[in-house]
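This report concerns only the one structure given below.
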Amino acid sequence: MEKLDEIDTQLLRLLGENAKLTIKELADRVNLSHTPVFERVKRLELTGYIKKYIALLDAEKLNYGLIVFCNIKLKQHDKHIGNEFVADILQLNEVVECYNISGDFDFLLKVYVKDMKHYQDFVFNKLGSVTSIGSTHSTFVMSETKNTHNVTL
């Protein structure tokens with residue numbers, strides 16, 4: 001892993017806050033010309049420091065205002081069942097994040113649905129068809145206090 005200098009860190013911080021900044025805007029903020037900033041950003045992309053650029057959508061405005069964290073316990077712990085679970089979860093559009101975790105559960109899902117009826121349908125018809133799941137535990141979000149995808153640099 002290569003060492004990042006202060007300019008690289010500044011660029012990552014700026015892009016983490018606003019990925020729509022142009023090379024010109026970035027160059028102005030880090031006091032460099034356009035070419036070195038362009039080359040640095042490309043290097044940060046190629047080396048994987050920048051995975052991708054996304055737009056954070058307002059789920060509530062899009063009628064997906066219910067956020068649910070769903071803890072999953074697998075039926076068994078073996079490679080086949082784990083891989084089967086991951087393959088199945090990747091097909092579910094309501095699941096926006098999936099983490100393999102330690103503790104009482106094996107996976108943590110972040111799920112966006114329209115309402116409780118939609119979540120019930122999701123659990124019965126989609127999660128219910130994932131045969132590798134042994135049990136689930138759902139936690140419903142009452143309000144969102146902080147939502148940032150930035151890594152503190």
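Given +1 at the Cβ of Lys and Arg, -1 at the Cβ of Asp and Glu and no other charges, the dipole of segment 1-44 around its Cα centre is 140 debye to the nearest 20. A simple charge model with +1 on the Cβ of Lys and Arg, -1 on the Cβ of Asp and Glu and nothing else charged puts the dipole of the chain at about 160 debye relative to its Cα centre. Comparing Asp58, Asp88, Asp78 in a Gaussian network model of the chain (Cα springs below 10 Å), the most mobile by mean-square fluctuation is Asp78. Along the chain, counting only trypsin sites (Lys or Arg not before Pro) with a DSSP assignment other than H, G, I, E or B and at most 10 other Cβ atoms inside a 10 Å radius, the longest segment between sites is 62-145.
Going by accessible surface with a 1.4 Å probe and the largest first, Phe122, Phe140 read Phe140, Phe122.
To the nearest 10, the accessible area of His118 is 40 Å² with a 1.4 Å probe. Heavy-atom accessible area with a 1.4 Å probe sorts Asp5, Asp104, largest first, into Asp104, Asp5. Helices in the chain, meaning DSSP H runs of at least 4 residues, each add -39500 (n - 2.57). Divided by all residues, the mean residue ellipticity at 222 nm is -9500 deg cm²/dmol.
Quick one: net charge around Ile50, please, counting Lys, Arg +1 and Asp, Glu -1 for every other residue with C-beta under 14 Å from its C-beta. Summing Lys and Arg as +1 and Asp and Glu as -1 gives +2.
Straight-line cross-link reach from Lys52 at under 22 Å between alpha-carbon atoms covers these lysines, not counting any fewer than eight positions away in the same chain: Lys3, Lys20, Lys24, Lys42, Lys110, Lys146.
For segment 56-153, the normalised intensity computed at q = 0.11 Å⁻¹ comes to -0.34 (log10 of I(q)/I(0), Debye sum over alpha carbons, equal scatterers, no solvent).
For the pair Asn18 and Val96, label points projected 7 Å from Cα toward Cβ lie 2.2 nm apart. The distance separating the Cα centre of segment 111-153 from that of segment 34-68 comes to 22 Å. A 1.4 Å probe over all protein chains sorts Val141, Val30 by accessible area into Val141, Val30, starting with the largest. Considering only Asn83, Val151, Thr131, the residue lying farthest towards the positive end of the dipole of segment 76-153 is Val151, judged by Cα position with unit charges set on Cβ.
The values are calculated or read from the model by the stated rules, or taken from the named source; none is laboratory data. This structure is a prediction, so every number in the text was calculated from the model and none was measured. Every residue, glycine as well, gets a Cβ built from its backbone with ideal geometry; the counts of neighbours run over all protein chains shown. Heavy atoms of the whole protein, side chains included, go into the accessibility calculation; ligands, DNA and RNA do not. Shrake-Rupley method; radii C 1.70, N 1.55, O 1.52, S 1.80 Å.
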